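Q: Quick one: the structure is below, questions incoming.
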Amino acid sequence: MPGFRYSPSAGGSGPARLREILGRASRPGVISFAIGMPAAELLPARQLAAAQQQVLPGNTAALQYGLPSVALKRQIVELMAERQVACGEDQVFLTSGAQQGMDLVARLFLGPGDTALMEDTVYDGIRLAAGRLTERLITVPTDTAAGIDVDAVASCLAAGAQPRLLYTIPNGHNPLGVTLSAARRQQLIALARRHELPVLEDDAYGALHYDGAPPPPLRALDPDWALYLGSFSKILAPSLRAGWLVVPEEMVSRLSPLKHGADLDTPSLSHHVVSAYLAAGHLAEHVARLRAEYRTRRDTMLACLAEHLPGELRWTRPGGGMFIWVELPPALDAADLLEEAIAGERVAFCPGAAFAVGESARARHGFRLCFATCTPEQIADGIHRLGRAVERALERVGVL
Ligand SMILES: Cc1ncc(COP(=O)(O)O)c(C=O)c1O
């Protein structure tokens with residue numbers, strides 16, 4: 001291998017052991033709850049094909065370099081109004097997926113020596129985006145019943161921390177499954193105002209709720225300090241790479257050159273297709289179908305966990321999103337369990353270490369199950385297998 005002198009900010013290639021185990025999780029015959037993928041059979045392929053037919057061949061702008069789709073921005077303004085967020089097209093910034101939105105916002109606020117504040121167990125995309133800009137990622141815990149620990153945020157700020165950005169996932173948290181309570185939303189926004197702290201709320205899962213709608217987004221409470229991040233990945237299809245930010249208008253002109261340097265243009269064809277799909281009026285019915293189906297899958301997984309997992313384990317009951325978080329006794333490491341589960345039972349999950357920002361005991365002894373991807377029959381089979389793997393592992397460490 002040539003001796004490339006990589007930039008230190010490029011980071012490593014991630015924990016090798018985790019990559020290797022998760023590679024094995026995708027082999028044929030393994031029932032995998034490891035990845036947060038929408039159910040393939042629920043992707044609206046026919047309607048998206050019809051939308052694409054409508055866009056092409058007539059609309060060559062969809063194949064050109066060009067300005068972001070104004071029609072899609074308008075439709076997003078309407079979607080936001082349904083969520084009680086008042087905004088105009090000038091505050092909507094289209095991105096190539098939510099991941100690009102968080103990357104751009106991170107670059108807007110963070111540089112070497114700056115501090116970013118986030119939960120200690122959280123979607124790894126923010127750690128990857130912020131962590132290559134600054135080494136100073138400080139963390140707070142999350143309460144699996146009510147969301148990010150706002151008192152811990154307050155203590156951090158009172159102790160003199162001066163974060164430039166706070167990131168959180170208020171609805172259907174990835175990986176913990178929790179939805180932030182209305183009271184904590186109010187407290188968090190009060191802190192953001194008092195400390196002039198931008199809060200990036202990642203709402204990738206906001207439309208996927210199963211026990212009634214979550215409280216209004218942070219952006220509905222404060223149009224200055226709350227920056228909203230949305231995505232069509234989980235409600236339409238991840239490959240469309242269609243996401244958006246809702247931010248103060250002045251920020252849009254700062255985001256544009258950053259995006260230009262990253263990928264020049266939004267994927268115009270897919271954004272035009274999303275717009276045609278929305279104009280045809282399909283979204284509400286599709287999301288209602290996803291909610292009904294994912295609710296069944298969540299309930300199936302919860303019932304199977306209760307039936308097959310020993311009493312030493314605890315897990316969350318998510319009201320939204322795609323994930324259940326399982327906590328193991330401290331004697332058991334989730335990455336060890338995963339190796340045993342794949343080898344012995346051909347079932348996989350995502351160990352908490354994948355979501356750890358720094359040292360996190362919760363992440364080492366916990367794991368994430370995605371209930372959206374597999375059918376109820378696969379879920380029943382897979383959780384039965386998981387139960388057997390857990391029992392053997394508990395016996396090994398002398399807990400059973
Ligand atoms: C919390 C969260 N935010 C953002 C993303 C990335 O979304 P997108 O496909 O829109 O980039 C994911 C994907 O799993 C996610 O879980």
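Q: Check the stretch 149-164 and report whether any residue there is at pLDDT 95 or above and within 16 Å of the ligand (Cβ to nearest atom).
A: Scanning the stretch 149-164, I find no residue that is at pLDDT 95 or above and within 16 Å of the ligand (Cβ to nearest atom), so the answer is no.
Q: Let me ask something else. Quick test for you: out of THR266, THR300, pick the one residue that is in contact with a Pro (Cβ under 6 Å, 6 or more places away or on another chain), within 16 Å of the ligand (Cβ to nearest atom) and in contact (Cβ under 8 Å) with a residue 60 or more places away in the chain.
A: THR266
Q: Further question: Being within 16 Å of the ligand (Cβ to nearest atom), farther than 23 Å from THR144 by Cβ and buried (at least 18 other Cβ atoms within 10 Å of the Cβ) is the requirement here; does TYR228 meet it?
A: When the stated conditions are applied, TYR228 passes them.
Q: Counting just the residues of the stretch 376-387 that are in contact with a His (Cβ under 8 Å, 6 or more places away or on another chain) and not β-branched (Val, Ile, Thr), which one comes out surrounded by the most Cβ atoms within 10 Å (Cβ to Cβ)?
A: Of everything passing the filter in the stretch 376-387, LEU386 is surrounded by the most Cβ atoms within 10 Å (Cβ to Cβ).
Q: State which residue is nearest to the ligand (Cβ to nearest atom) when the search covers only the stretch 90-122 and only residues that are farther than 30 Å from ARG74 by Cα and among the polar types (S, T, N, Q).
A: Across the stretch 90-122, the extreme among qualifying residues is THR121.
Q: Here's something else I'd like to know. Do we have any residue at all in the stretch 308-317 that's closer than 21 Å to GLU391 by Cα, outside any loop (DSSP other than H, G, I, E, B) and of a type in the set (S, T, N, Q)?
A: Checked against the condition, which is being closer than 21 Å to GLU391 by Cα, outside any loop (DSSP other than H, G, I, E, B) and of a type in the set (S, T, N, Q), the stretch 308-317 yields no hits at all.
Q: Scan the stretch 116-133 residue by residue and report those that are surrounded by fewer than 18 Cβ atoms within 10 Å (Cβ to Cβ) and over 19 Å from CYS350 (Cβ atoms).
A: Selection gives ARG132 alone.
Q: Could you tell me which numbered condition TYR210 fails, if it satisfies all but one of (1) surrounded by fewer than 21 Cβ atoms within 10 Å (Cβ to Cβ); (2) within 16 Å of the ligand (Cβ to nearest atom)?
A: (2)
Q: Right, here's the next one. Only residues that are outside any loop (DSSP other than H, G, I, E, B) and away from the ligand (no atom under 16 Å from the Cβ): list them for the stretch 64-79, please.
A: Across the stretch 64-79, the qualifying residues are VAL70, ALA71, LYS73, ARG74, GLN75, VAL77, GLU78.
Q: Which one of the conditions (1) within 15 Å of the ligand (Cβ to nearest atom); (2) more than 13 Å from the chain's Cα centre (by Cα); (3) in contact (Cβ under 8 Å) with a residue 40 or more places away in the chain does VAL199 fail to meet, given that it meets all the rest?
A: Looking at each condition in turn, VAL199 falls short on (3).
Q: On to the next question. Taking the residues in the stretch 257-291 that are touching a strand residue (DSSP E or B) at 6+ places or on another chain (Cβ under 8 Å) and not in a loop (DSSP other than H, G, I, E, B) as candidates, determine which candidate is surrounded by the most Cβ atoms within 10 Å (Cβ to Cβ).
A: The selected residue is HIS271.
Q: Go over the candidates VAL246, VAL199 one by one and state the one that is aliphatic (A, V, I, L, M), in contact with a Leu (Cβ under 6 Å, 6 or more places away or on another chain) and surrounded by 21 or more Cβ atoms within 10 Å (Cβ to Cβ).
A: Going through VAL246, VAL199 in turn, just one is aliphatic (A, V, I, L, M), in contact with a Leu (Cβ under 6 Å, 6 or more places away or on another chain) and surrounded by 21 or more Cβ atoms within 10 Å (Cβ to Cβ): VAL199.
Q: All but one of (1) touching a helix residue (DSSP H, G or I) at 6+ places or on another chain (Cβ under 6 Å); (2) surrounded by fewer than 24 Cβ atoms within 10 Å (Cβ to Cβ) hold for ALA204; which doesn't?
A: Every listed condition holds for ALA204 apart from (2).
Q: Where in the stretch 94-197 are there strands (runs of 3 or more DSSP E), lying fully within it, with 3 or more residues that are under 23 Å from ALA34 (Cα atoms) and touching a Gly at 6+ places or on another chain (Cβ under 7 Å)?
A: The strands (runs of 3 or more DSSP E) meeting that bar number zero.
Q: ALA220 fails exactly one of the following numbered conditions: (1) assigned to a loop (DSSP other than H, G, I, E, B); (2) away from the ligand (no atom under 16 Å from the Cβ); (3) touching a residue at least 60 places away in the same chain (Cβ under 8 Å). What is the number of that condition?
A: Tallying (1) assigned to a loop (DSSP other than H, G, I, E, B); (2) away from the ligand (no atom under 16 Å from the Cβ); (3) touching a residue at least 60 places away in the same chain (Cβ under 8 Å), ALA220 fails exactly one: (1).
Q: Suppose we keep only residues that are outside any loop (DSSP other than H, G, I, E, B) and out of contact with any helix residue (DSSP H, G or I) (no Cβ under 6 Å at 6 or more places or on another chain) within the stretch 231-253. Which one would you say is nearest to the ligand (Cβ to nearest atom)?
A: PRO238
Q: It is to be established whether one or more residues within the stretch 29-40 are loosely packed, with under 11 Cβ neighbours inside 10 Å and more than 16 Å from the ligand (Cβ to nearest atom).
A: yes
Q: List every residue pair whose Cβ atoms lie under 6 Å apart, where the two residues are 6 or more positions apart in sequence or sit on different chains, the first residue falls within the stretch 170-188 and is over 19 Å from PRO351 (Cβ atoms) and at pLDDT 95 or above, and the second residue, located anywhere, is part of a helix (DSSP H, G or I) and away from the ligand (no atom under 13 Å from the Cβ).
A: That search, which allows pairs on different chains as well, returns ARG184/VAL150; ARG185/LEU218; GLN187/VAL150; LEU188/VAL150.
The values are calculated or read from the model by the stated rules, or taken from the named source; none is laboratory data. Here the structure is a predicted model, which is why all the values come from computation and not from measurement. A quick note on method: Cβ atoms are made from the backbone with ideal geometry, for glycine too, and the neighbour counts reach across all protein chains shown.
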